[in-house]
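What follows is one structure encoded as structure tokens, with my remarks underneath.
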Amino acid sequence: MRAPCAISTALLLAACSTIGDAGGTPDGLPHGGTGEFRLLDGDELGIAGALPGRAMVLRDAIERAAPAGDFLFYATARLGEARPELPDGHPPGDIYWPAFEPRRIHRASAWEEGVGGFVAGPEVLAASEPWHGGEVYDPWPVILEDGTARLYYAAAGGVGLAEAPRVDGAFAHVAGPIVAGARRPSVIRGPDGAWWMYYEVAGTLQAARSEDGRVFDPRGRITIGGEDHGEGTEVERASPGAVRVETRAGRVLVRLYFESLRDGLVEGERAHVLYVAGSADGLAFERHPRAVLAASDARYPAPVLLDTRVTLLYASLPFFGGPYQTRAVVASVGPAGERFAPADADP
Amino acid sequence: MPRLASALATCALAWTLAPALAAASPQDLFGYGGRTSGLAMTGTSYAEGYEAVFANPAGLGPSRRRQLAIGLAGGGFDLRIDGERAPLTPPRGMTIGFALPIPFGDVLEDRITIGGAFFTPAEALMRGTVRFPAVPQWTVLDRAQVIAIILGLGVDLHGLVDGLHVGVGVSALAQLFGELDVRLDETNAFSSIVELQLVASYAPTAGINYRADAWGLGLSYRHESLSRLDLSVRARDLPIDVPVLNVGGLVQYDPPTVVLEGYWRPIPDLMVVLNVTQRIWDFYPGPQVPTTDMGRNAPAPELSSYPSPRVAVEGMVRDERFELALRGGYAFEPSPAPPARLAPRRTASGEPIATDLVPYRLLDNHRHVLTAGAGITIHVGAAGERLVIDAFGQLHVLQDRTHEIGRADAGAPMVTSGVILYGGWTARVEF
Amino acid sequence: MRRAGAAWLLVLGLASPAAAQSMDTYGMGSRSVALAGAVTADVEDPSANYYNPAGIVRDGQLRILAGWFGAHHELTLDDEDSNVDPVHGLVVGLNVPGNIGDFRFAFGLGVHLNDQRVSRTRTLPRTRPRWELYDNRPHRAYLSTHVAIEPVPWLRFGGGIGFLSYSEVDLRIRGTIDVGAPERGSALEHDVLGNLVTIRFPQVGVQVQPTDWLDFGAVYRGEYALSSDLHAQVGSPDFAGDDAAGLTVGSIYVPAYLELLSASTGAYVPHQLSFGASVRPIPELRIGVELTWLMWSLYRSAIGRTDIDFRIVVPPELGDRIRVPPLTNTQPVPARFSDRVVPRIGVEWRPHASPEVAVDLRGGYFYENSPAPEQADAYNLVDADRHAWSLGAGIELRALRPLLPGSLRFDLHLQYSLLPARAMTKRSPIDPTGDYVAQGHIFAGGLVTEVRFE
């Protein structure tokens, strides 16, 4: 009777073929940091009631913010006593700085809950040099292998450098201007192991190279090739935010997020849209054809890699909460399908 | 006669266009195998070997020789609405069957036989259609394009009750499930993910027969065999909410069927068969499903069950090496469907909405089926090996029917009629 | 020879339901898998329905095989589990020999039926990485019937024509979607045509046995590609007639039309040609070697075509609520695969044999170099080389008369496959997927029972 039993069993087992489950999906797919990025929500950030993506709650005006370790460095200024009239022709989306006190650089600490959120912190650098012109801004922190921290920043005369024994220590101005006339520095170790600074000069993106991170040798404009499928026409590029990528395949690449200033997208205005470009040598870049963040008027990108496939991208969006328009720091994640567990959820 | 000529022409064209390995006979409409199809789709009491896998798996029990059979079958539809021809794909396909007595010894000697019966349509393993309810559709007849895989096991209870056999089987059909997911992809462009799965659905069969020297009785039951096509269409990331769309329905349905049959041999070379086949259509839910979870469904099909009487005769002429069999039969297939009519749509839960009457053109007619066939058996080996070739033909005449509504919403009531021709052959070796 | 000719016609004319898919990756049966598939020369159990249909007539005995098979994948991209679905299901095989006079023939049946589904196709976004050889291809039922003949005692032929099917779906939707109450207020109905279209392909084989201790075999398995075609139409292109569709926003009707055509290849099995030899230097030891040539270079691609036509007439007052998204049509992308040659070796040793029982131990190895090129461009048909080691054992019970005039076998196998790390380096430094490393392991095993009637 073994054969009939086997056949009966076989028929019963065959009936399982009616299950038709939905099938598996990958835990995570490789991702090249090209977006589209998704603004984190309040549950992911751990900041209750926050607007989508808002990574730090602060009433003062904030411009660029850049992360380093568990900290976020940002330029900020309080509203001044005077209430000057907004002049005609003031670019929409730009903060009207004459209405605020001089900008200084502060350091925010990571919010205890969630991912990507910060709580506003103390001042770490203020204008002290004549070439500062009374204020400092555009911070870009770097933590070295030995734990010491550097803070690149911009002021009226160009890019300066401050250092601290630790990233949460006291920063002191050490050099500047190390690149005259530049703004919005972004410094990383390049594919060749040297320090590379990307910065903005008069609507162009340029690069400088340094062996020690203190003395930079300007290399002029970087080239950005590739197709641009975005709406409107790109007329300027600004606000580079670079990140060094060591791929699992053993390559070192540079991803450079930047503002594309475009005509023809918003009537009567020059629109700011974030794009990304990649390079194997740090000088010749190829752009991704599409914008990385759908939100309008996103500025000052500052990326940080969580791992080889997940990138947090800090940026700035317009914020209307006082007599003058300011901007808010937002955090977004790419790939957009990546989702962080709510802060109070069990792991 | 023009209708018959047209059907013949269609049939001829179908054969001409058919690939060399063509033909299939959807078993519920035309029967299965070369012999029983010529005997008015009977066989519950007398079918043996691979044909018994469909007709009544108990018929496998007395098989003592291995069988391998192949065959071709095909046909043509000439169905008419108000005299105009309604397009319906004719069935064509291939028959493969086998029977295998398991050569156990001792108490299991000559006891167990397994068998398989397969139809493989020439072009599509399954063609499933779900139409808008207002579109004229031959729901009962348009089931001819589907593969069948049937396995059976018969047991001969000799020694316990000589002549008594029991059998069980299972038939498999494929169902198609899928998801079409339209969403923004990694590049912020809309793209689609399509996932389609075929899963199997199974329908059990069971039967019993008793054979004496000159007569026999058989009873079989085939459970409902159905196939669904179920696609979920989701559109995400749109600026508006779009409900999940459920597209598909019930594309293949053979109702539960009970068959009672007897045969009598007044002389050894003459067999008379009487058969009553009861298809239980009452549970047929209709082909359509609501497009959205809370949307309205098509009207209820309201099919009913009527018995189908059948009668067949087989005569034999034989000598030492050859046998010739001639067969003929008649079956009446009453239509389970009400006429095309205005009928109320249903809620998603199946309740009729009396205020929402829509035309529902589910078409079917009573059928008178005449069958004929012939078989030649050639004894080819000293140990009793045989080659058997069977051929059959069927003529289905659809009795004219006047419906309650017309082809168009404002037209006069439509009249449906038609003719179906179906034929084929099988060749099997027994060794 | 006239009978042989007639039987050959039967061989060629038998349109058998057959196919090759999970068999190609994991093998069929237990003994043959434990021998790494190096059995084309002398296979005679029902797994011959896959490995070499000539083998079903080899020993002239009725054999019935039933068992279970399973494979678990641990395949990763950058150490993230790709969650490639496991494959497990039922294996059934049947060899039915026969004689008419002194002419020997047999027919056979081989079945692998997955537990979850008969088959699955997936059409993914074009750039999304997918394990091309493991994600979908094994999810196919296998059903084969063959006929074989033995015209002379040292020569056997076998074959059949297999078929599978792919799906074509054509659907139409009409009516309205109520934007305010999409579930309750929408009035939609649909019409759908679904076809499972037949594909046929041949499988033929030959076995030559010049001496009792030496066998040669060759088999050819045909190519097939399973497509997945879907055509969806919502509304009518001129926004009029019974088939029109649109949105209702309050009292405003917004006519719309969408047509989507998606066509892709869900699974491809290339032409395969296997040559094998087996030798028995002593009766207790069998060594089989084999080379299989797989013509992957003929593979076009899994990345198919998508055409989308979307039209909507947005009234000015809804211009800020309804924005037409960017839609792009796509064209098939060539896979640029290469042919591959797979070497196999299998060794079987019988340490014990008596009239009552026999015991066999088996081992095997094969190496599959990946046919997929490095995925340097935007598309990601992921694959890596594969080393597969297998072990197996079998026990045959021979003293079961009078109930069973033959024997009863139990065979077990385990197979481990290593897919060593393969780095995919993108040509573009800003590729949306980026560089990645693909690697993994596959664990497979099975247990079969075979009844053999002498």
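Brief remarks on what is shown
- Every residue from segment C:418-432 that is in contact (Cβ under 8 Å) with a residue 12 or more places away in the chain and buried (at least 23 other Cβ atoms within 10 Å of the Cβ): C:L419, C:M424, C:K426, C:D431, C:P432
- Only strands (runs of 3 or more DSSP E) whose full extent lies in segment C:192-270 are considered here, and the ones with at least 2 residues that are within 10 Å of chain B (Cβ to nearest Cβ) are C:224-234, C:245-249, C:252-269.
- Of residues in segment C:158-182 being modelled with pLDDT of 75 or more and within 7 Å of chain B (Cβ to nearest Cβ), the one surrounded by the most Cβ atoms within 10 Å (Cβ to Cβ): C:I177
- Segment A:77-97, residues that are hydrophobic (A, V, I, L, M, F, W, C) and in a loop (DSSP other than H, G, I, E, B): A:A82, A:L86, A:I95
- Of the residues contained in segment C:391-408, none is found to be surrounded by 15 or more Cβ atoms within 10 Å (Cβ to Cβ), without any contact (Cβ under 8 Å) to a residue 40 or more places away in the chain and of a type in the set (S, T, Y).
- Scanning segment C:41-92 for residues that are away from chain A (no Cβ under 14 Å) and of a type in the set (V, I, T), we see that the one that is surrounded by the fewest Cβ atoms within 10 Å (Cβ to Cβ) is C:V57.
- Unique match (being touching a residue at least 12 places away in the same chain (Cβ under 8 Å), within 16 Å of the chain's Cα centre (by Cα) and open to solvent by less than 10 Å² (accessible area, probe 1.4 Å)) among B:L141, B:L125: B:L141
- Enumeration of residues in segment A:170-203 that are open to solvent by less than 20 Å² (accessible area, probe 1.4 Å) and either of a type in the set (S, T, Y) or more than 22 Å from the chain's Cα centre (by Cα) (or both): A:S186, A:Y198, A:Y199
- Residues being over 30 Å from B:V140 (Cα atoms) and either more than 23 Å from the chain's Cα centre (by Cα) or free of Cβ contacts under 8 Å to residues at least 40 places away in the same chain (or both) - total across segment B:378-431: 14
- Test: residue in segment A:219-239 that is aliphatic (A, V, I, L, M), over 16 Å from the mean Cα position of the chain (by Cα) and either open to solvent by 30 Å² or more (accessible area, probe 1.4 Å) or within 11 Å of chain C (Cβ to nearest Cβ) (or both): yes
- Verdict on B:L238 being modelled with pLDDT of 90 or more, surrounded by fewer than 16 Cβ atoms within 10 Å (Cβ to Cβ) and either within 14 Å of another protein chain (Cβ to nearest Cβ) or more than 30 Å from C:D191 (Cα to Cα) (or both): no
- Condition check for C:D115: surrounded by 24 or more Cβ atoms within 10 Å (Cβ to Cβ) and either in contact (Cβ under 8 Å) with a residue 24 or more places away in the chain or in contact with a helix residue (DSSP H, G or I) (Cβ under 7 Å, 6 or more places away or on another chain) (or both): no
The values are calculated or read from the model by the stated rules, or taken from the named source; none is laboratory data. Given the structure is predicted, the values throughout are model-derived calculations rather than measurements. Neighbour counts are summed over all protein chains in view; Cβ atoms, including those assigned to glycine, are modelled from backbone coordinates with ideal geometry. For accessibility, only protein heavy atoms count, side chains too; no ligands or nucleic acids. Shrake-Rupley method; radii C 1.70, N 1.55, O 1.52, S 1.80 Å.
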